[in-house]
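S.K.: Got a structure for you, written out below as structure tokens; questions coming shortly.
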Amino acid sequence: MAGFRNGRGRDNRPPQQQPQQAPYGYNAAPPPHPQQQWQQPPQGHQQQAYGEPEYFGDPYGRQGHQQHAAAANNPGHTQMFSVDDPYGQAAPLAAPVPTGPRLPWKQLLSGIVLRPADTFLQMRDYAVWGPALIVTFLYGLLAIFGFEKAREEALNATISSTIPYVLMTALGFVLGGLILGAVTHTLARQLGGDGSWQPTVGLSMLIMSLTDAPRLVFALFLGGENGLVQVLGWATWLAAGALFTVMVSRSHDLPWPKALGASAIQLVALLSLIKLGTL
């Protein structure tokens, strides 16, 4: 009996707590929501834009901008820069002018005479040692006969003594052309030029030899003191000055006054050693 009074033998589970009813006139509190468990989004579908779900997209474009900035300067993805135009338009920086392929020696020699500006611009990045050395050496072999005194001595001497004298003169012209071309290149760089020394020296040697060729041809038959030879000497010297100016201007991106100043020493040397030597 005691067991029945104490509730023994019955269901020992504690009585369920009934929800309390709110007093009259008050709304009952809403039942608590079940706790939601946070699920990690699968890889490749992470949230974007600082916690916003992926279906909202990236309204600020942060992810695309970061990817573009990361790959901007990788090979093949060079970033384009621009300069602000004071009139409201953005203009890109000027790209280097394409120089084109290397010219063969025939087109190079004819281009210096017929189309010097385009030829010098196209060959500004190419060394021209082969044509420069060969043409200058051949010019030096004949240059000795353009001087009156040297011409008489060479014609009156024996062949065995004339050949070494002619060869040494030709080598002297090649060495002098190299030195004068190097001086022109150095002055051009000091004046703000950006060209390479090999094209500048080689092209200057070609200009020196090709421009004096007409005077030398007439001097071989008429002598250096002939009036026509002297006129041709001054005319070809002026033509050399114009070609030197165009070459330095195209090869070093300099305005023509600076280009002329860079080639001034070479022009004075040619005038005193070759042109005035025939007078």
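Results for (1) modelled with pLDDT under 95; (2) of a type in the set (Phe, Trp, Tyr), shown as yes or no for each residue.
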| position | (1), (2) |
| --- | --- |
| Ala188 | no, no |
| Ser196 | yes, no |
| Leu203 | no, no |
| Ile207 | no, no |
| Leu216 | yes, no |
| Leu222 | yes, no |
| Asn226 | yes, no |
| Trp237 | yes, yes |
| Leu243 | no, no |
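S.K.: Going by what's in this entry, would Val166 be described as closer than 25 Å to Leu109 by Cβ, at pLDDT 95 or above, more than 26 Å from the chain's Cα centre (by Cα) and not aromatic (Phe, Trp, Tyr)? Even if it seems obvious, please write down each step before you answer.
M.R.: Details: closer than 25 Å to Leu109 by Cβ: yes; at pLDDT 95 or above: no; more than 26 Å from the chain's Cα centre (by Cα): yes; not aromatic (Phe, Trp, Tyr): yes.
Here the answer is no, as Val166 does not meet what is asked.
S.K.: Does region 92-105 include one or more residues that are open to solvent by 70 Å² or more (accessible area, probe 1.4 Å), assigned to a helix (DSSP H, G or I) and either touching a Pro at 6+ places or on another chain (Cβ under 8 Å) or modelled with pLDDT under 90 (or both)?
M.R.: Yes - at least one qualifying residue is present in region 92-105.
S.K.: Could you check how many residues of region 125-159 are assigned to a helix (DSSP H, G or I) and either among the charged types (D, E, K, R) or without any contact (Cβ under 8 Å) to a residue 24 or more places away in the chain (or both)?
M.R.: 11
The values are calculated or read from the model by the stated rules, or taken from the named source; none is laboratory data. Please read these numbers as outputs of a predicted model, since none were measured by experiment. In this analysis, Cβ positions are derived from the backbone assuming ideal geometry, glycine residues included, and neighbour counts consider all displayed protein chains. Heavy atoms of the whole protein, side chains included, go into the accessibility calculation; ligands, DNA and RNA do not. Shrake-Rupley method; radii C 1.70, N 1.55, O 1.52, S 1.80 Å.
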